[in-house]
1. Are any residues in the range B:168-193 surrounded by fewer than 22 Cβ atoms within 10 Å (Cβ to Cβ) and within 13 Å of chain A (Cβ to nearest Cβ), and if so, which ones?
2. Can you go through B:Leu32, B:Leu23, B:Leu14, B:Leu9 and tell me which one is more than 22 Å from B:Ile147 (Cβ to Cβ), touching a helix residue (DSSP H, G or I) at 6+ places or on another chain (Cβ under 9 Å) and not charged (D, E, K, R)?
3. Any residue at all in the range A:116-132 that's among the polar types (S, T, N, Q), assigned by TED's automatic domain parsing to the domain that holds A:Arg214 and in a loop (DSSP other than H, G, I, E, B)?
4. Inspect the range A:411-419 for any residue being part of a loop (DSSP other than H, G, I, E, B), assigned by TED's automatic domain parsing to the domain that holds A:Asn20 and open to solvent by less than 20 Å² (accessible area, probe 1.4 Å) and give the result as yes or no.
5. Among the residues of the range B:149-167, count how many are more than 14 Å from chain A (Cβ to nearest Cβ) and either on the phi > 0 side of the Ramachandran plot or outside any helix (DSSP H, G or I) (or both).
6. I'm trying to understand the selection: among the residues of the range A:148-176, which are touching a residue at least 12 places away in the same chain (Cβ under 8 Å), outside any loop (DSSP other than H, G, I, E, B) and either within 11 Å of another protein chain (Cβ to nearest Cβ) or more than 24 Å from the chain's Cα centre (by Cα) (or both)?
7. Within the range B:49-80, which residues are at pLDDT below 85 and within 21 Å of B:Val122 (Cα to Cα)?
8. Taking the condition closer than 13 Å to B:Leu51 by Cα and open to solvent by 20 Å² or more (accessible area, probe 1.4 Å), does B:Asn98 pass?
Amino acid sequence: MILHFTNARLIDPEAGTDANGTLTIEAGKIAARDGAPPEGAKVIDCAGRCLAPGIVDWGVKVGEPGERHKESYASAGRAAAAGGVTTMVVRPDTRPPVDSPESLDFVAKRSADSIVRVRHMSALTKAREGREMVEMAFLRDIGAVAFTDGVHVVADNKLLNRCMTYARGLGALIVGHPQDPGLSKGAAATKGKFASLYGIPDVSPLAERMGLERDLTLVAMTGARYHADQITTGEALPALKRARKAGLDVSAGISIHHLTLNEFDVGDYRTFFRFTPPLRAEKDRLAMVQAVADGEIDVIASFHTPQDEESKRLPFAEAAPGAVGLQTLLPAALRLYHQGGLSLPQLFRAMSLNPARRLGLDGGRLAAGAPADLVLFDADAPFLLDRFALASKSKNTPFDGARMQGRVLGTWVGGERVFG
Amino acid sequence: MTFRARHLLGIEPLSPPEITSVLDLAETYVDLNRRTIKRSDALEGMTQINLFFENSTRTQSSFELAGKRLGADVMNMSVAQSSVKKGETLIDTALTLNAMHPDLLVVRHSQSGAVNLLAEKVNCAVLNAGDGRHEHPTQALLDALTIRRAKGRLHRLTVAICGDIAHSRVARSNLILLGKMESRIRLVGPATLMPSGVAEFGCEVYEDMREGLADADVVMMLRLQKERMDGGFIPSEREYYHRWGLDAEKLAHAKPDAIVMHPGPMNRGVEIDGTIADDINRSVIQDQVEMGVAVRMAAMDLLARNLRAERGRALAEGGHA
């Protein structure tokens, strides 16, 4: 089927443009920009709303295997479609973790339940224990796009050095969690007056810089391809800048929560605001928004982490960290647009184009020949977020009851409409 | 005479003519060893002590047989029976043995440089039977003899040394020897098992086995030690076999008449496919064992000649040996 979007505000992160135009898709791919509607095409009038490449959400947790009651591939796929996410890049920190060709094969089969595309990351070490590397070549050959132990930092430098050396030969991407594991152990807040007054175990924001400096030093030793999953403090940025200047193959991401919330949002021990790493000071949040605008931070993602009510209804430091985010990533990101910090092409560069490029995927673009993975949204439509209206099985969002602006009207994956 | 060395501690100190002289003499011992009566009197009356601080069956038997065929009195000392277990230092062991007046001391030790240290303290000829990850000269010489007999020469050959290069004294001695003989050497294996500074070795380095084997004349496989197999250096045996195990498909990238070598003992299904190891048209693994005895006879014969000459000179000068 041929679809022709007219009267669209095309958000093109590759060209950096935000302009009215038309888009034609055919056979699952983008066929033409700004052309006349081909014969027999179904015309969709976008009425001046935004049409952008679908979001490639890097770091989604799905509860299969082990925690299917929190999120399944089916429910995560529905939440993604409703949030304009057309590719979920799924984390390996399941129970048991994805750390072998056999376990990757299992989740790859399960992900057929999702209505949006799914790509998988593998653990970096067996059982995410930081002792033995996984079968990286086998895993890469059957589709692992990156290797990460998630928030389990590989503490043994010698082992991480060997993992990176082995990965370099394969051209495999290693995703690190820049955090000093000793300093951040048990911490649930960022060091400062707020954490002290509330008596929450805290960690210095500099623990992130320490972890990043360690990782980048090993990258310099080995020449590995490296991505820092979340850089959330201004103090860590100079290290990243130095590494890029030295020609190292490095990139970095941040969660949308660290760009839109700060440590004070925790308020009265609200556990839906507990994250790893913890929310930061307002000055760090502002520094990170600027870093995204400057292109120092490459990727914005939801770090979708479904938790059931039992995991959150606990004393703050004992509650499970993380929040669902597939469906709220876009409206939360639009806060940054409405506040004037980031343009729409800048946002979609960080949410669609950059993650796709870094992971070797073919999405994130509006050019002819690119997959027809698209999101149509009204950037201005206001609404009150009701967590029970979310498609995820888990409802742990920090935005419950929040005033949001921006509604997804339609989502297409490979030319097929999956939402709206 | 070309061969002037007092000890055989490594390939590094040897000149190309010295290497050739060992190989040439070894050829005569190959013939001797194929006779029913395998007896020479080159070491008649001399005492050879095999001092093995690290367990070895193959190398030790090869040296033992070589010494016996040359008429030496051979004694084996392995670490399990030695006083090292009781806390004696390496040098005290050396001095103790030296007091027994051996003529040839064959030493294997797990530490690089240990054999050199020992050689400084004794009055006999010392043969290095492998020290740490440093050198294993008789292995390189027997490999060279095997290659020379199969290919007719040692120069202008492309030799791919594959596997755990970093921890292998066999690899080190071989690449020194083949470099001296002007062959082209390729090192093939996972980056985690490559020695540091490998780019400065003057060899070609490949991580991809197929590229590394392309048009090779000789494919030399190395043993993967058990303790390297799980997780630390490589993810698993099966992934290692998939990427670097020598099978018919990978071997097809080498020249059609390429020979396959392995110092033994082999891990079939880890670094080498069993059918390749057993292929009489390609594998020279059994020849390597045969050449081992001959090369060790030649090396000990030459060292014994030098020892006798040295002692003769000392007597003539009025001293005592």
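1. Passing the criteria: only B:Ala191.
2. Working: B:Leu32 fails: more than 22 Å from B:Ile147 (Cβ to Cβ); B:Leu23 fails: more than 22 Å from B:Ile147 (Cβ to Cβ); B:Leu14 fails: more than 22 Å from B:Ile147 (Cβ to Cβ).
That would be B:Leu9, the only listed residue that is more than 22 Å from B:Ile147 (Cβ to Cβ), touching a helix residue (DSSP H, G or I) at 6+ places or on another chain (Cβ under 9 Å) and not charged (D, E, K, R).
3. Filtering the range A:116-132 down to residues among the polar types (S, T, N, Q) leaves A:122, A:125.
Filter again for assigned by TED's automatic domain parsing to the domain that holds A:Arg214, leaving A:122, A:125.
If we keep only those that are in a loop (DSSP other than H, G, I, E, B) too, we end up with none.
No, the range A:116-132 has no match at all.
4. yes
5. Number satisfying all stated conditions: 12.
6. Taking the range A:148-176 and keeping what is touching a residue at least 12 places away in the same chain (Cβ under 8 Å), we get A:148-157, A:159-168, A:170-176.
Retained after the next criterion (residues that are outside any loop (DSSP other than H, G, I, E, B)): A:157, A:159-168, A:170, A:173-176.
A:Asn157, A:Leu159, A:Asn161, A:Arg162, A:Cys163, A:Met164, A:Thr165, A:Tyr166, A:Ala167, A:Arg168, A:Leu170, listed by residue number.
7. Matches in the range B:49-80: B:Ser78, B:Val79.
8. Working: closer than 13 Å to B:Leu51 by Cα: yes; open to solvent by 20 Å² or more (accessible area, probe 1.4 Å): yes.
Yes: the conditions hold for B:Asn98.
The values are calculated or read from the model by the stated rules, or taken from the named source; none is laboratory data. What you see is a predicted model, and the numbers here were worked out from it, not measured in a lab. Don't worry about glycine lacking a Cβ; one is built from the backbone with ideal geometry, like all the others, and counts go over all protein chains shown. Remember, those area values only see protein heavy atoms, side chains included, never the ligands or the DNA or RNA. Shrake-Rupley method; radii C 1.70, N 1.55, O 1.52, S 1.80 Å.
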